[in-house]
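In what follows, a structure is listed as structure tokens, so that the remarks can point back to it.
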Amino acid sequence: MKKNIAILILSFLPLSLSTAKDQSSIDIEAEINCLAANIYHEARGESLKGKLAVGLVTMNRTKHQDYPSTVCGVVFQKAKKSCQFSWACKSSAKLLHKDITKEIRELAEKIYFGEVKDITKGATHFHSIDVNPRWSAFKTRTLEVGRHIFYRKTWK
């Protein structure tokens, strides 16, 4: 089972996950697939604005020095033994193209290519309104939309 999940996850990864901010060797199709999968798993029940905000957090992390420079790198980044986005670590996570709606795929493309305004004001974090993680006290709250609260990490 784990082998099948790993194969599904690897099918989304770009050929190069370098830490450099050079985008010349990036597989754009894989990057958009990773972004769409993250939006789907983190915000599929949210409004368009909620989905947009989650996608923007993912892209904002690619621009921050503390995170990988690729979307797939950000989505599947591990912190200690857990993933930054909980769905990416679950063995039951299914990254199938059929699950990604046309709306989410088109939104992911627009976000990836910078065709939308950053409504999150540079947010790099978010959490459900149902929890209050310790880290939120050390971030700047930027937006609340739907069932998520968004925060900006201090840029170094």
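A few remarks follow.
- Residues with amide H under 5 Å from that of LEU143, placed H, sequence gap 5 or more: PHE150
- The stretch 115-155 shape via C-alpha gyration tensor axes, a/c threshold 1.5: oblate
- Ordering of 102-115, 47-60 by packing [mean C-beta count within 10 Å, highest first]: 47-60, 102-115
- HN-Hα J in Hz across the stretch 82-89 - Karplus 6.51, -1.76, 1.60, θ = phi - 60°, x for Gly and Pro: 10, 9, 4, 10, 4, 4, 5, 9
- Residues of the stretch 37-64 with amide N under 15 Å of a point placed 7 Å along Cα→Cβ from LYS90: 37-46
- Computed from backbone phi with θ = phi - 60° and the Karplus coefficients 6.51, -1.76 and 1.60, the 3J(HN,Hα) list for the stretch 27-36 is 7, 4, 4, 5, 4, 5, 4, 5, 5, 4 Hz; x is used for glycine and proline.
A short reminder: the numbers here are calculations on the coordinates, not readings from a lab. The structure displayed is predicted, hence computed values, not measured ones. Here the Cβ is made from the backbone with ideal geometry for all residues, glycine too, and neighbour counts use every protein chain on show.
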